[in-house]
């Protein structure tokens, strides 16, 4: 007579088989719509540009050489470091960092406010935060441009109130780009922090107050370490898309505020684009993002071990 554990290995094997079958559609979707496009982009970055657009299927490092090295207009001068594209990258990083900082400065108090409301009303506040983002990003960016233009509602309102004596030139400025990035990605900061704050045990703050800790001490020593995962997740969710954004720079920033997303978009637009160079810049950008994510994962794993 078989013992009670005789069928256990068979049951485990059956469960593994079923699990693999259930995951097959997910793997297929990831492979087709994520891994395959990235692989094609990587392949294109090593091909040769065709003069009329497109690519020639000949292996070349010219796209990466164009990004990092300047050989003059006709390619016959001594090689020097190409600062043009590096400057665009640096500008994009700074803009993304500033947008992340602004979203954090506004998003954390907002998330805290929502998480401390009565349970019955939290859904309403979250709805108010997310409902503008049901509209397409392009439409929202164009609407923002209409709002802040020189003869737009914002300037007209400030003139009517006597706050300013002449319209403010906000279009094609760093301010406009920052405003566009902030407006586009603020919910990406609020929602992760809200989820972290909602799980916070407010009895800890009460205990700190009983021990005569100030509000700033309680925030610094108790609240922030506990909700830190939500803050980091929100910062990543804002920084990564801001780094590759092109709608806000194109529509609000102008040529002086050219960012890396706009550079990539230009390479694939119309028939005169440089597809290998656009693919190479995309791969460099993706590598930078992956490095940041790996650093975050490494620090998170070290924190869990501690």
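Assorted remarks:
- Options 305, 238: the member that is at pLDDT 90 or above and either closer than 30 Å to residue 109 by Cβ or surrounded by fewer than 17 Cβ atoms within 10 Å (Cβ to Cβ) (or both): 238
- Among the residues listed as 108, 46, 67, the single one being at negative phi, in a loop (DSSP other than H, G, I, E, B), touching a residue at least 24 places away in the same chain (Cβ under 8 Å) and surrounded by 11 or more Cβ atoms within 10 Å (Cβ to Cβ): 46
- Tally of residues being surrounded by 16 or more Cβ atoms within 10 Å (Cβ to Cβ) and within 20 Å of residue 125 (Cβ to Cβ) across the range 199-232: 5
- Residue in the range 149-159 that is in contact (Cβ under 8 Å) with a residue 24 or more places away in the chain and either more than 26 Å from the chain's Cα centre (by Cα) or assigned to a helix (DSSP H, G or I) (or both) present: no
- Residue in the range 257-270 that is assigned to a helix (DSSP H, G or I), over 28 Å from residue 133 (Cβ atoms) and free of Cβ contacts under 8 Å to residues at least 12 places away in the same chain present: no
- If only residues of the range 135-148 that are surrounded by fewer than 11 Cβ atoms within 10 Å (Cβ to Cβ) and more than 24 Å from residue 168 (Cβ to Cβ) are counted, the one that is farthest from the chain's Cα centre (by Cα) is 135.
Results for (1) in a loop (DSSP other than H, G, I, E, B); (2) in contact (Cβ under 8 Å) with a residue 24 or more places away in the chain; (3) touching a helix residue (DSSP H, G or I) at 6+ places or on another chain (Cβ under 6 Å), shown as yes or no for each residue.
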| site | (1), (2), (3) |
| --- | --- |
| 213 | yes, no, no |
| 220 | no, no, no |
| 234 | no, yes, yes |
| 239 | no, yes, yes |
| 248 | no, yes, yes |
| 273 | yes, yes, yes |
| 282 | no, yes, yes |
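- Verdict on residue 171 being in contact (Cβ under 8 Å) with a residue 40 or more places away in the chain and part of a loop (DSSP other than H, G, I, E, B): yes
- Within the range 39-78, the residues that satisfy the criterion of being more than 20 Å from residue 287 (Cβ to Cβ) and touching a strand residue (DSSP E or B) at 6+ places or on another chain (Cβ under 6 Å) are 48, 50, 56, 58, 70.
- Of all the listed residues (129, 193, 139, 164), the sole one being over 21 Å from residue 100 (Cα atoms) and in contact with a helix residue (DSSP H, G or I) (Cβ under 8 Å, 6 or more places away or on another chain) is 164.
- Residue 132 over 18 Å from the mean Cα position of the chain (by Cα), in a helix (DSSP H, G or I) and at pLDDT below 90: yes
- Just one of the listed residues (113, 89, 108, 175) is under 19 Å from the mean Cα position of the chain (by Cα) and closer than 24 Å to residue 219 by Cβ, namely 108.
The values are calculated or read from the model by the stated rules, or taken from the named source; none is laboratory data. The structure displayed is predicted, hence computed values, not measured ones. Positions of Cβ are backbone-derived with ideal geometry, glycine not excepted, and every protein chain shown enters the neighbour counts.
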